[in-house]
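A short worksheet on the structure shown next.
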Amino acid sequence: MGRPFRVGIVGCGQMANTWVTCLQREPDVEIVALADLDLARAREMGVRHGLEVPLFAAVEDLLDEARPNLVVDTAIPEARREICVAALERGCDVMAEKPFAPTRADAEAILDAVARSGRRYLVMQNRRYEPHLRAIRRAIEQGLIGRVEQIHADFFIGAHFGGFREHMEHPLILDMAIHTFDQARFLLGGARAETALCLAYNPASSWYHGYASAVCAFEMEDGAVFSYRGSWSAEGFRTSWESTWRIVGSQGTVVWDGSTGPEADVVVEEAEGFLRPSRRVRIDVEPMDEQGHAACLREMLEALRTGRPAETESTDNVESARMMYAAIESAAIRAAVHVADGSPVAPRS
């Protein structure tokens, strides 16, 4: 087999190691260069993975000298626009860690570069690749609970990261809630959000400088409502990292604690009464050979190999990112906004 993917890794922090480990399993992938502002960090990662490749401090130098055809961006989100636009303009496809981009303006600039270059930008959404979540989507598609009308997700973890997250303005929404927003869209078959209303706040006991907590509500294009409650400074009774979920349909409800098997409670057909009787249904979960980063990366590479759209292609995944931008924009004005462009929603007459 040939090695059509000449990969340049930009950003050699902790997450980059996960990508490199997965990429080295692929027979048609060759990592040809590493870049990081801290060359010592790049050198250390190269040694760790047995990579004898050139090291660069600037993405432009990597692109011009190593000439990759695929760039993996695992740098900090604030560098996403610079890295992705430079790579796309030089004819490279790009894969990047979430989020799509840290700001709406950055996202639009990257989409413009995708359109101009004819190349592709694919985004890591590893939390889509979880067997319980995918089982719930299959159950929804099979009509188990009828038409989905409400989705509710809770995320409460007291995460003491230290480092850059504790100095971000919106650490929860930008670095974690994006996962849950994307999972909600996945459960709804890729539905877009139309409006967003968000209260972002930081409890007095929080060790974060920015808004570590939020309550958000989204109106989806299919008529469903998605609500999110989350905090990264909530001690005790931690939820799963996958959040806890309640998906309410016209004929029943699915609940999932984010770790054990999901369960449905479905109303009995033709039954009547003040509280209609229901029956519990176990949702079958199919095992997955790969999960998380490995599964998402394999899917993205296969999309590039075959030319088909990836599940997390930029032209679709930007809709998950726009939920994140709209939540932040709503929090700033304490009013509902349109997800598409962040403009305020007119009050109902």
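The values are calculated or read from the model by the stated rules, or taken from the named source; none is laboratory data. Computed from a predicted structure; not experimentally measured. So basically every Cβ, Gly included, is an ideal-geometry build from the backbone, and we count neighbours across all protein chains shown.
Quick notes on this structure:
- From the list Val285, Val281, Val268, the one residue that fits, being within 25 Å of Ala139 (Cβ to Cβ) and modelled with pLDDT under 95, is Val268.
- Hits in region 120-139 - residues which are surrounded by fewer than 20 Cβ atoms within 10 Å (Cβ to Cβ) and among the basic types (Lys, Arg): Arg134, Arg137, Arg138
- Qualifying positions in region 200-243 - among the polar types (S, T, N, Q) and surrounded by 14 or more Cβ atoms within 10 Å (Cβ to Cβ): Asn202, Ser206, Ser213, Ser227, Ser231, Ser233, Thr239, Ser240, Ser243
- Some residue of region 30-38 being under 24 Å from Asp106 (Cβ atoms) and not hydrophobic (A, V, I, L, M, F, W, C): yes
- The residues in region 323-349 that are part of a loop (DSSP other than H, G, I, E, B), modelled with pLDDT of 95 or more and of a type outside the set (D, E, K, R) can be counted, and the count is 7.
- Test: residue in region 19-32 that is surrounded by 14 or more Cβ atoms within 10 Å (Cβ to Cβ), more than 22 Å from Glu290 (Cβ to Cβ), in contact with a helix residue (DSSP H, G or I) (Cβ under 7 Å, 6 or more places away or on another chain) and in the same structural domain as Arg90 (by TED's automatic domain parsing): yes
- Residue match in region 93-115 (condition: crowded, with 16+ Cβ neighbours inside 10 Å, in contact (Cβ under 8 Å) with a residue 24 or more places away in the chain and of a type in the set (Lys, Arg)): yes
- Any chance Ala200 is of a type in the set (A, V, I, L, M), more than 27 Å from Ile83 (Cα to Cα) and assigned by TED's automatic domain parsing to the domain that holds Asp284: yes
Each row is one residue, and each column tells you yes or no for (1) of a type in the set (Lys, Arg); (2) at pLDDT 95 or above; (3) part of a helix (DSSP H, G or I).
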{"position": "Val248", "(1), (2), (3)": "no, yes, no"}
{"position": "Thr253", "(1), (2), (3)": "no, yes, no"}
{"position": "Arg276", "(1), (2), (3)": "yes, no, no"}
{"position": "Arg305", "(1), (2), (3)": "yes, yes, yes"}
{"position": "Ala321", "(1), (2), (3)": "no, yes, yes"}
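- Complete set of residues in region 1-18 that are in a loop (DSSP other than H, G, I, E, B), surrounded by fewer than 19 Cβ atoms within 10 Å (Cβ to Cβ) and in contact with a strand residue (DSSP E or B) (Cβ under 8 Å, 6 or more places away or on another chain): Arg3
- Some residue of region 272-293 being touching a residue at least 60 places away in the same chain (Cβ under 8 Å), closer than 19 Å to Met220 by Cβ and surrounded by 13 or more Cβ atoms within 10 Å (Cβ to Cβ): no
- Just one residue in the set Met45, Met95 is closer than 20 Å to Glu311 by Cβ and either in contact with a Leu (Cβ under 7 Å, 6 or more places away or on another chain) or part of a strand (DSSP E or B) (or both); that residue is Met95.
- Any chance Leu197 is more than 20 Å from Ile328 (Cα to Cα) and buried (at least 16 other Cβ atoms within 10 Å of the Cβ): no
- Of the residues making up region 292-337, those that are over 19 Å from Ala101 (Cβ atoms) and either in the same structural domain as Ala96 (by TED's automatic domain parsing) or small (Gly, Ala, Ser) (or both) number 7.
Matching residues to (1) closer than 30 Å to Cys22 by Cα; (2) in contact with a strand residue (DSSP E or B) (Cβ under 8 Å, 6 or more places away or on another chain):
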| position | (1), (2) |
| --- | --- |
| Arg246 | no, yes |
| Val255 | no, yes |
| Gly261 | yes, yes |
| Asp265 | no, yes |
| Val268 | no, yes |
| Arg279 | no, yes |
| Pro287 | yes, no |
| Glu290 | yes, no |
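- Residue tally, condition over 22 Å from Cys296 (Cα atoms), touching a helix residue (DSSP H, G or I) at 6+ places or on another chain (Cβ under 8 Å) and not basic (Lys, Arg), over region 106-142: 4
- Some residue of region 179-188 being in a loop (DSSP other than H, G, I, E, B) and under 13 Å from Ser320 (Cβ atoms): yes
- So Thr260, is it closer than 21 Å to Phe100 by Cα and either within 18 Å of the chain's Cα centre (by Cα) or assigned to a loop (DSSP other than H, G, I, E, B) (or both): no
- Scanning region 145-165 for residues that are more than 20 Å from the chain's Cα centre (by Cα) and either buried (at least 19 other Cβ atoms within 10 Å of the Cβ) or assigned to a helix (DSSP H, G or I) (or both) returns Ile145, Val148, Gly163.
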